Amino acid sequence: MKIAVIGATGFVGSNLVKEAVSRGLIVTGIARNIDKITEEKVDKLAVDVTNVQALSEHLKDYDVVISAYNAGWTNPNIYDDFISGSKAIQQAVKDAGVKRLIVIGGAGSLYDNEGNQLVDGADFPENIKPGATAARDYLNILKEEKDLDWAFFSPAIEMHPGVTIGRTGNYRLGKDHPVFDAQYVSKLSVEDLAVVILDETQNPKHHQVRFTAAY
């Protein structure tokens, strides 16, 4: 299987690349600065994802594209840049003739027990709200996509560098609501996020829907 990982040097993307390589897949890492891709046995590609024509040319003949695109949490224009970048990736995948697109989004679009999205809650962290709102709004855009076999993944509420559990290979799947453990905690390591996504890549179960996972 031949896959491309967009955002291959980021917190999520680098772990996706590592997991994919460990499974023996043919992997291309796409990033702004490919010098940061340290994993061996990876083809490296530096391309501006907003250049739809250039990106689509490079994506031809891939089985799956995984987008861990991030416009930068400190970027003052993160909302607009995330939306435009994500839409460009989506179009490039279609133009390249790739049928399968898996997008890594955020937990903010998940719903609480009252039917409200987490990003709209009063206690949602302000520093990540613009990016989380962009991911939520892009999910609504992606839901209108009828030609691609897409899937949108929302991580657990606690999925960040502070979660140091490592790779266990264990997780439970959900759809539009957070997956909680017995202590009402929604947590997942980035290493196990990569396990979830590569399991979905090799054995797809989610088609034109959003899903989530946690311990």
Q. In degrees between 0 and 90, to the nearest 10, how far off the longest principal axis of the chain does helix 11-22 point, with axes built from Cα atoms?
A. 60
Q) Going by alpha carbons, how many degrees (0 to 90, nearest 10) lie between the helix axis of 190-202 and the longest principal axis of the chain? A) 60
(Q) Starting from 0.36 nm per residue, how many nanometres of slack lie between VAL185 and ASP149 once their C-alpha separation is accounted for? (A) 9.9 nm
**Q.** Fraction of beta bridges assigned by DSSP in the chain that are antiparallel (%, nearest 5)
**A.** 15
(Q) Could you work out how much longer the chain between ASP112 and ARG23 gets when fully extended? Use 0.36 nm per residue separation minus the Cα distance between them, nm to one decimal. (A) 28.5 nm
Q) Over the heavy atoms of MET1, what accessible area does a 1.4 Å probe trace out, to the nearest 10 Å²? A) 90
Q. Longest exposed-loop-site-free stretch of the chain, with GluC sites (Glu not before Pro), DSSP loop and at most 11 other Cβ within 10 Å?
A. 41-113
**Q.** Charge tally in the Cβ shell below 13 Å around LEU16, where Lys, Arg are +1 and Asp, Glu are -1, LEU16 excluded
**A.** -3
Q | Assigned charges on the beta-carbon of Lys, Arg, Asp, Glu; the chain dipole about Cα centre (debye) | A | 460
**Q.** Antiparallel content of DSSP bridges confined to region 110-215, in %, to 5
**A.** 45
(Q) Need one number: nm distance between label points at ALA122 and ASP43, each 7 Å from Cα along Cα→Cβ, rounded to one decimal. (A) 5.3
Q) What is the dipole size for region 116-211, taken about its Cα centre, with +1 at each Lys and Arg Cβ and -1 at each Asp and Glu Cβ, in debye to the nearest 20? A) 160
Q) On a 0 to 90 degree scale, rounded to 10, what angle separates helix 78-96 from the longest Cα axis of the chain? A) 50
Q. Roughly how many Å² of HIS58 are accessible to a 1.4 Å probe, to the nearest 10?
A. 90
Q: Pull up the cross-link candidates among the lysines for LYS41, meaning alpha carbon to alpha carbon under 22 Å and not fewer than 8 places away within one chain.
A: LYS2, LYS18, LYS60
**Q.** region 41-90: trypsin sites (Lys or Arg not before Pro) in DSSP loop, at most 11 other beta carbons within 10 Å
**A.** LYS60
Q: Pick out, from THR168, SER22, VAL190, the residue whose Cα sits farthest towards the positive end of the charge dipole of the chain, with +1 on the Cβ of Lys and Arg and -1 on the Cβ of Asp and Glu.
A: SER22
**Q.** Shape call, region 107-215: gyration tensor on alpha carbons, a/c limit 1.5
**A.** oblate
Q.
With a 1.4 Å probe and all protein chains left in place, how much accessible area per residue does region 55-166 have, in Å²?
A. 46
Q) What are the residues whose amide H is under 5 Å from the amide H of ARG172, where those residues sit 5 or more places off or on another chain and H is modelled from the backbone? A) ALA214, TYR215
Q. Around LEU142, what is the net charge, scoring Lys/Arg as +1 and Asp/Glu as -1 over all other residues with Cβ under 13 Å from its Cβ?
A. +1
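Fully extended, how many nm does the chain gain between GLU158 and GLN202 (0.36 nm per residue separation, minus their Cα-Cα distance)?
That works out to 13.3 nm of additional length.
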(Q) Counting only helical runs of four or more DSSP H residues, what would the 222 nm mean residue ellipticity of the chain come to if each run contributes -39,500 (n - 2.57) and the total is spread over all its residues? (A) -10000 deg cm²/dmol
Q) Loop-only check: which chymotrypsin sites (Phe, Trp or Tyr not before Pro) in region 47-155 are DSSP coil with at most 15 other Cβ within 10 angstrom? A) TRP73
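The values are calculated or read from the model by the stated rules, or taken from the named source; none is laboratory data. Remember, predicted model here, so these are calculated numbers, not experimental data. Cβ: placed from backbone, ideal geometry, glycine included. Neighbour counts: every protein chain shown. Remember, those area values only see protein heavy atoms, side chains included, never the ligands or the DNA or RNA. Shrake-Rupley method; radii C 1.70, N 1.55, O 1.52, S 1.80 Å.
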